[in-house]
Amino acid sequence: MHLSHTGNAIATNGATAISGYVGTLTVQQRPPQEPVPWPHQVGVIPPAARSYQHRAERDRLHATADGGTTTVLTQLLTGMGGVGKTQLAADYARTAWNDTGAAGGLDVLVWVTASARSPIVTGYAQAGVELCRADPGDPEQAARSFLAWLTPKAGAQPCRWLIVLDDVADPADLQGLWPPDSPHGRTLVTTRRRDAALAAHGRRTIEVGLFTPAEALTYLTAALAGHGHGESADELTALAEDLGHLPLALAQAAAYLIDTGETVADYRELLADRTTSLADTAPDALPDDQALPLAAAWSLSIDRADILRPAGLARPMLALTAFLDANGIPQDVLTSSPALAHLSAHRTYTGPEHAGQPDPVSARDAVRALSALHRLSLVDHHRDALRRAVRVHQLVQRTTRDALTSHQYDATARAAADALLAAWPAIERDTALAQTFRANTTALVGHAGQALYRSGAPGVLYRTGRSLGETGQVTAARDHFEHLTETLRHHLGDDHLDPLIARNNLAIMRGRAGDAAGAADAFADLLKHMARVLGEDHPSTLIARGNLATWRGEAGDAAGAADAFAELLADRIRVLGEDHPDTLTARGNLATWRGEAGDAAGAADAYADLLEHMVQVLGEDHPSTLTTRNNLATMRGWAGDAAGAADAFADLLADRIRVLGEDHPDTLIARGNLATWRGEAGDAAGAADAYADLLEHMVQVLGEDHPSTLTTRNNL
């Protein structure tokens, strides 16, 4: 068993006269200029980045069919900030502009920085003035004139055009400003947004992702060549992994290394230092005409996400994800009660619709906050994915954590820990999901640091170790609890309850890893410590007594274990009562060790009485009730009724599959026990077939080297 536990306006009365000449102000209008000849370019295409990489996304972008029914007139390059959307668009625009093939190049190319509606209008207006005699004094009208000019007209000379709208920040900015459909024109949009409004009307979306590992290595190798850096491919690959293969991060890291002369190892050490902010890793001068250092690349996106409905939740939600596993977070974690409480307490928006006491944040609100972050490409949210519904880039996480105050940091770390524990399934039917929870806990420990231990260890740290043990990874569980014990001693002291609980779990896992005598010795030392610090009747002290008795029995002293459990049972009844789960556990352990000491029939009778009591107190499907049925069947077999034991295990197996699932370790144990007792009852061939099937299943679920798999091979 385990322990857990207003500047003011100036008012005037009447009219104020202005002395001097009074007359009519006349504005001299410039006459419209004559249209410039084709080919003509409006706006500046950004230069190619140093060490520009050919990528698969480029091929998809250029794969648009020309002249056929599959022609795509508008394409969207979407992705998080820093993946290189603008560079891909610039390469596409240069290629189209310089095309000298049979079809010829473009007649008109317009490049617009589209980060707001105003620069879009300004860019269109400039094109209207230069190409179609639009009035320069009225930008809105000039922009409309340009869009009308783009519309194909019967009998007019065809104009082959390309409009690039770079870095669209809000779909609303393009309302009434989308270029018209034309067989001679194409539109390319780059944006972090993934709103349905952008992808409407047959527009083709191309997701721009990170560099592949090979692309990242090629980029770093080329960028650092000739600058005195002789690091190996392995060192550069490790750096690329640290930076999550993000093109912007790689470019700025290369610039930093060139400017400072530091080694890749030095830079990686700087990145790994939690006391260093991501801003400290940026070069003094940004490469490739980049506008922002890496740490600021997502600031505007976060601001915009936070004003999307439900307003004020995107920022605290992103903060929660920043402490968890970048490779995948179950949605249930981020919609759990602790997560919702954290979102309510740290909501950042205080607009008029939230005046007074705002409504509590609901699970639906939390999902919509994730959707807002997804729309701004700050996270990838796939709500139908059970195990890894939310993914977020590790540098977005780092930037988000860097922006938190000390109080926010601690509160968010603890909230993430509580959310993990609340969402963790009590019964791990899905072994892959359990691994996802453990990976999230590992990420949390790495990100949170001492913030997890200021008020005692969060329960998720114990749950992770127990999960490893429950899935048979006992050596990993032992190592986990050994590290946890030392960490808690360092932060909380030897006499705090949390390190005592960790020591309890460590001793258990030592025993399960094969060192029964060592486990017994560890429990003997722990029991003395607990009795002194907590008292002899403290529930945790009583648990330690039970564990000491168990491992003495496992080490060979079955009779001594039975005697110790008899004494413990009396004390548990006195302190906890007859119906307490710990009391019921002591009764079961007493029966087990009586059977191990030679009294199988007496043990079977004791388990029969205990089972009746457990059904009344815990219910038929409680895991402890199912375990008692398992032990009762075993004792009946030991007492000579092999056929009855086989029948009992057949019934138990059906219930364990129903309650726990086919892959749960207890279900696999029940299958093994059923095969054993069929063999003991005379059907050795049937038992062998059952073990062969079980072995195949265990290899799939637990792996070839798992102790339970090896035991099954032995029994087969």
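The values are calculated or read from the model by the stated rules, or taken from the named source; none is laboratory data. In this text the structure is predicted, and so the values were computed from the model without any measurement. Glycine gets a Cβ as well: all are built from the backbone with ideal geometry, and neighbour counts include every protein chain shown.
Descriptive notes on the structure:
- Within segment 214-227, residues that are within 17 Å of A48 (Cβ to Cβ) reach partners that are of a type in the set (S, T, N, Q) with beta carbons closer than 7 Å, at six or more positions or on different chains, in the pairs E215/Q53; T218/Q53; Y219/S51; Y219/Q53; A222/S51; A223/S51.
- Residues in segment 218-248 that are at negative phi and within 25 Å of the chain's Cα centre (by Cα): T237, A238, L239, A240, E241, D242, L243, L246, P247, L248.
- Some residue of segment 218-228 being at pLDDT below 95 and farther than 27 Å from R94 by Cβ: yes
- Test for G511: is it under 23 Å from V445 (Cα atoms), among the small types (G, A, S), buried (at least 17 other Cβ atoms within 10 Å of the Cβ) and under 37 Å from the mean Cα position of the chain (by Cα): no
- Tabulated pairs, segment 294-315, first farther than 13 Å from T348 by Cβ, second in a helix (DSSP H, G or I) and of a type in the set (S, T, N, Q), C-beta under 7 angstrom, 6+ apart or interchain: L294/Q252; A295/T399; W298/T399
Per-residue answers, yes or no, for (1) among the hydrophobic types (A, V, I, L, M, F, W, C); (2) at pLDDT 95 or above:
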{"site": "A291", "(1), (2)": "yes, no"}
{"site": "A295", "(1), (2)": "yes, no"}
{"site": "D303", "(1), (2)": "no, no"}
{"site": "A326", "(1), (2)": "yes, yes"}
{"site": "Q331", "(1), (2)": "no, yes"}
{"site": "L343", "(1), (2)": "yes, yes"}
{"site": "R364", "(1), (2)": "no, yes"}
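- Verdict on Q29 being among the polar types (S, T, N, Q), farther than 30 Å from L461 by Cβ and modelled with pLDDT of 60 or more: no
- Which listed residue, of L710, L694, L702, is hydrophobic (A, V, I, L, M, F, W, C), out of contact with any strand residue (DSSP E or B) (no Cβ under 7 Å at 6 or more places or on another chain) and within 21 Å of A633 (Cα to Cα): L694
- Residue within segment 401-413 that is within 18 Å of the chain's Cα centre (by Cα), of a type in the set (G, A, S) and more than 30 Å from R658 (Cα to Cα) present: yes
- Single residue of segment 277-288 satisfying the filter (exposed (fewer than 14 other Cβ atoms within 10 Å of the Cβ) and not charged (D, E, K, R)) that is farthest from Q87 (Cα to Cα): A279
- Of the listed requirements (1) at negative phi; (2) of a type outside the set (A, V, I, L, M, F, W, C); (3) at pLDDT below 95, P179 misses just one: (3).
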